[in-house]
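Inspection log for the structure reproduced underneath, given as structure tokens.
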Amino acid sequence: MPKPSDLLQGTLDLLILKTLARGPLHGWGISKRIQQLSDDELSVGQGSLYPALYRLENQGWIVAQWKESEQGRSAKVYSLTRDGRQQLERELATWKRLSSAVGLLLKRA
Amino acid sequence: MTLARFLRIARQRFTAIVRRGAVERDIDRELAWHLEQSILEKIADGASEEDARREAHREFGVLALVTERSRDARGVTTINGFVDDVRYALRLLRRTPAFTAIAGLALAAGIGTTAAAAAVVSFVLARPLPFPDGDRLITIRTDAVEPALFARAASVHQYRAWQARSASLAAVGASRGGSHVIAAEPGAPPLRVQGQAFTPSLFALLGVRPEAGRLFEEDDHPFGPRALVVVISHRLWQRRYGGAPGTIGRRIRVDSVAREIVGILPADFHLQADNIDVWIPLILAPAGEHGPAQDTPQLRVTARLRPGATLAAARADLEAIAADLHPERAAPRLDISPLRRTLYGWTRPRLATLGAMSTLLLALSCANVAALLLARGTLRRRELAMRAALGASRRRIVRQLLTESLVLGLAAAVPAVLVTAFGLPAVSAALGPPPGLFRLTVVPFDVAVLATVAALCVLSSIAFGVVPAIAGSRVHPIDALHGGTARSASGRSWRGGLVALQIALADVLLVAGALLTASYVNVSGRELNFEPRGLLTFSYAVRADEFIRPMPQRQGSSVFEVSPDAARTFETLSDRLKQLPGSRGVAGISFPPVNSLVLPMVTVQPLDATRDSLGAPTAAAYFIVTPEVFATLQTPILHGREFDARDGRDAPWTIVVNEAMARLCWPGGNPVGRRVRLDLGDGERPREIIGVVATMPARLDEPAAQPAVYTSYLQQPRYYRGPAVGMFAGMTFLMRPKGDADVLLAAARRAAAEVSPERPIDEVGAVQSHLYARLAERRNYVTAVDTFALLAALLAIVGLHGVATHVVVGRANEFAVRRALGARRREILALVALPSLWLVAAGLVMGAAIALPAARLLAPQLWGVAPTDIPTYVGASATLLGAAAIGCAAPMRRALRCDPTARLRAE
């Protein structure tokens, strides 16, 4: 049951889920990767990232686990659940519909 | 949502509630790690450590804000809000101790009594029976009504047929109980104990395990030595053998037969009666054997249903088998009931009443607290409006108010548990089992009861909290600016309705209490027509099979031959007792004159048809007595004389009738000298009426005066048709002592031992205490009911008082102004009294409307008072009106004290 969310929040959820689809990652890594993959166009503030992560965790779409990192320090690593994968597909579909609709509107208006 | 996902989410939420600190630390640690990573990255990019740190913090934002939002997302803050609400509610309760005390006690009364009644109900309905898989056990009763001692019993024939042919029973067992068994050892005084004969299969199907030794085995053959065994109770083992381990294997004499003790039953074993001390094998004739004894109803049958078999199917099955045995007779009807109903069915009327009353009391206390909360809500209007003004949503305010109710409800749990602890034994005691069944003194106060209290606390918190919460949340922020006590109209009408509801419920409970109390007073103050005070009693039983022989059935009813030795045994004892120096009078009667379990009935046929006689046969209770029984009882003799030495074996047969009988058969006339015939059996002769005695109630709680006839034990036929034969199993002796009762009883004991060392006297005591034993349970019941009713009245009046006070406080300014403008005291008083009077009147009308149908349900429990008894209803209303006047007195005085100048200064 996704909660009704505004466009920005929904987008952030989509970005996080998509990022985690490539493999488990900690919070800092998620924000870095979003930044890298968007060629530094998108930057996610910590104030948005962590509440979003916890919300997704509460929804049961991602799970968190404390794990040893490469440097031998423990970090909290998030990974996608099966429900999360389904949610990602739903959100992708929604996003595609929405963006094409917006594209059409911008073209015709 | 998949189940796995649901469970995961539930776990996370639960963790957030229970391990709040851990979750918060987890968040802090993660954010700190993130910050550190940023710093490390910037240093790696070549920034100085100081710059890196500053830059990272700038990017990160205000740490506290991020932390707060993160906590929000993890559901921690909602919990914090709840904790804050609870803290605030506790502070509020402490600040208003009077309110807290009244509300808490009101709730405790309702919750405690309801929990106690619920605990007994669940014990009766749901607690597993003390037998494995006990809900498949059933008892099988027939429509046989004779012989009296074995009413509704089954015959050996029927039992054997069911055992062999039933498809619905997994196992079937039989017992024969109620007979007295004498266990005596050489050298030791004889001991009268209650015994039961059990088939080996009965122990097996009940799943009983002995505490020591073994139970009966199927090969305990009637003629083998293994039949001469006995199993004893834990109680007898302790009392007589001091719990010695060598008891198994000892031999004791039971009814003159030496038997070996082979087993000891656990202390908590009881099937129906809880006073049984010895069990002997019930050895039935082999299946092929047919004789009159096999056709006589004498067995209590208990069985275990096959898995899947229903009661209805079992009944059809067993009835068909029984009908098949005697195609020439009317098919017997069977009463198949679960063992649970046989054991506990008798609790139903009183338990239902107590449960209903406690539930009404709980409803009343919830209404009471709801009204109090509404009143307090109007005083708190400013505070709530301030909260609304500061941004609290309506939902948030409702949540806060509901939390306060919950805290109040849970605070009431402590006194409620106390009320339950006292209420549980009171409710059990009020039920009062019929004789022969065990008491419910074993309803335990356990975790389940505590859980019930807790659940009731939460449920009532919601019940009394919802209306005040909704009314309280209807505030406008602007109210925060208004001074004084602005009031909401909806709250006021709710409050009035709640007060009227309380009065109505209290009225119902008062009416019920008054009706039951009147019944108790009527029963206990009933004219007995004998003097129980100082009258001693004991029973003297003989073994039925010593003197009674079953004969072939005649016209569908059992016939028994009674040996004349039975009468001789009683005669010998009676003569010995008469010679005791400490006695003013001794007599025997076949059944105690009042409160006998079963009374044999006889048909009386008047022989002299006259103008004023009905001439129709009349059924009457049948008593066999010794001479001077009415003198000993001090029963008034209205006409003629009673039995004396003239009514011997060889004299013409005589009879004494009671007044009810005389009125019925010979209205307006004196029947002395007339002759009647009884349908006792062969050898019965016409009897002449020699006297009429006042009617003694056959049962204390039976309203109608029952016709009864009395004959001498020396003038009895040799053959009895079934119904009347049970009386020769024993005689109840009555004695009036001259001096010390104990000395006389000791002498009577010795006399009985001299007559026969193996037949001690039993059930020794004062007649009055026997009477009171039955009345005590009724009194316990009435006490419980009256306690409910009085609590209800008290709560209703406290509720009325609270609302009246609130009206006065709310309208103090108005009263002051009216006074200043010259209103008279009477007019001010009317302003307070009239609305309250209306509420009470509305409540009483509503109460009477509920009480009338409710009292009709109570009718079977009433004695000598109609459920529509007008004085009771008027009395209950008057009581509540009077109490309401007292409840309103203080607020009225307060209204008169509203001093204009003082009010002005306060503003």
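The values are calculated or read from the model by the stated rules, or taken from the named source; none is laboratory data. A quick note: this is a predicted structure, and the numbers were derived from the prediction, not measured. When we count neighbours, we look across all protein chains shown, and the Cβ atoms used for this are built from the backbone with ideal geometry, even at glycine.
Here B:R894 passes the criteria (1) surrounded by 15 or more Cβ atoms within 10 Å (Cβ to Cβ); (2) under 42 Å from the mean Cα position of the chain (by Cα); (3) part of a helix (DSSP H, G or I); (4) not aliphatic (A, V, I, L, M) except the one numbered (2). Each residue in region B:625-646 was checked for being surrounded by 23 or more Cβ atoms within 10 Å (Cβ to Cβ) and either modelled with pLDDT under 90 or closer than 17 Å to B:R533 by Cβ (or both), and 3 pass. Scan region B:704-722 and tell me whether some residue there is among the aromatic types (F, W, Y), at pLDDT 85 or above and either buried (at least 24 other Cβ atoms within 10 Å of the Cβ) or at negative phi (or both). Checking region B:704-722: at least one residue is among the aromatic types (F, W, Y), at pLDDT 85 or above and either buried (at least 24 other Cβ atoms within 10 Å of the Cβ) or at negative phi (or both). Condition check: surrounded by fewer than 21 Cβ atoms within 10 Å (Cβ to Cβ), modelled with pLDDT of 85 or more and of a type in the set (S, T, Y). Does B:T359 satisfy that? It is true that B:T359 is surrounded by fewer than 21 Cβ atoms within 10 Å (Cβ to Cβ), modelled with pLDDT of 85 or more and of a type in the set (S, T, Y).
Filter region A:58-109 for residues that are buried (at least 19 other Cβ atoms within 10 Å of the Cβ) and at pLDDT below 85; which is farthest from A:I16 (Cα to Cα)? Residue satisfying both the conditions and the ranking: A:A75. For region A:36-46, a residue qualifies if it is closer than 15 Å to B:A32 by Cα and either in contact with a Lys or Arg (Cβ under 6 Å, 6 or more places away or on another chain) or crowded, with 18+ Cβ neighbours inside 10 Å (or both), and exactly one does: A:Q46. Pairing each residue of region A:40-64 that is facing chain B (nearest Cβ under 8 Å) and at positive phi with any residue that is assigned to a helix (DSSP H, G or I) and aromatic (F, W, Y), provided the two are 6+ apart or on different chains, yields C-beta distances under 9 Å for A:G60/B:F6. Scanning region B:311-355 for residues that are part of a loop (DSSP other than H, G, I, E, B) and among the acidic types (D, E) turns up just one, B:E328. Annotation: A:R90 fulfils all but one of (1) within 22 Å of B:F6 (Cβ to Cβ); (2) among the basic types (K, R); (3) within 13 Å of another protein chain (Cβ to nearest Cβ); the unmet one is (3). Just one of the listed residues (A:K76, A:K67) is assigned to a strand (DSSP E or B), charged (D, E, K, R) and either within 9 Å of another protein chain (Cβ to nearest Cβ) or within 20 Å of B:A56 (Cα to Cα) (or both), namely A:K76. Restricting B:P867, B:P853, B:P900 to those that are at pLDDT 85 or above and either surrounded by fewer than 17 Cβ atoms within 10 Å (Cβ to Cβ) or closer than 30 Å to B:F815 by Cα (or both) reduces the list to B:P853.
Entry remark, region B:516-537: residues being part of a loop (DSSP other than H, G, I, E, B) and either loosely packed, with under 15 Cβ neighbours inside 10 Å or on the phi > 0 side of the Ramachandran plot (or both) number 6 in total. The set of residues from region A:8-33 being away from every other protein chain (no Cβ under 14 Å) and either free of Cβ contacts under 8 Å to residues at least 24 places away in the same chain or in a helix (DSSP H, G or I) (or both) comprises A:L8, A:G10, A:T11, A:L14, A:L15, A:L17, A:K18, A:T19, A:L20, A:A21, A:R22.
When B:W33 is tested against the conditions (1) out of contact with any Lys or Arg (no Cβ under 8 Å at 6 or more places or on another chain); (2) at the interface with chain A (Cβ under 9 Å from one of its Cβ atoms); (3) at pLDDT 80 or above, the lone failure is (1). Do we find that B:L7 is more than 7 Å from chain A (Cβ to nearest Cβ), at pLDDT below 80 and touching a Leu at 6+ places or on another chain (Cβ under 9 Å) in this structure? For B:L7, the condition - more than 7 Å from chain A (Cβ to nearest Cβ), at pLDDT below 80 and touching a Leu at 6+ places or on another chain (Cβ under 9 Å) - is not met.
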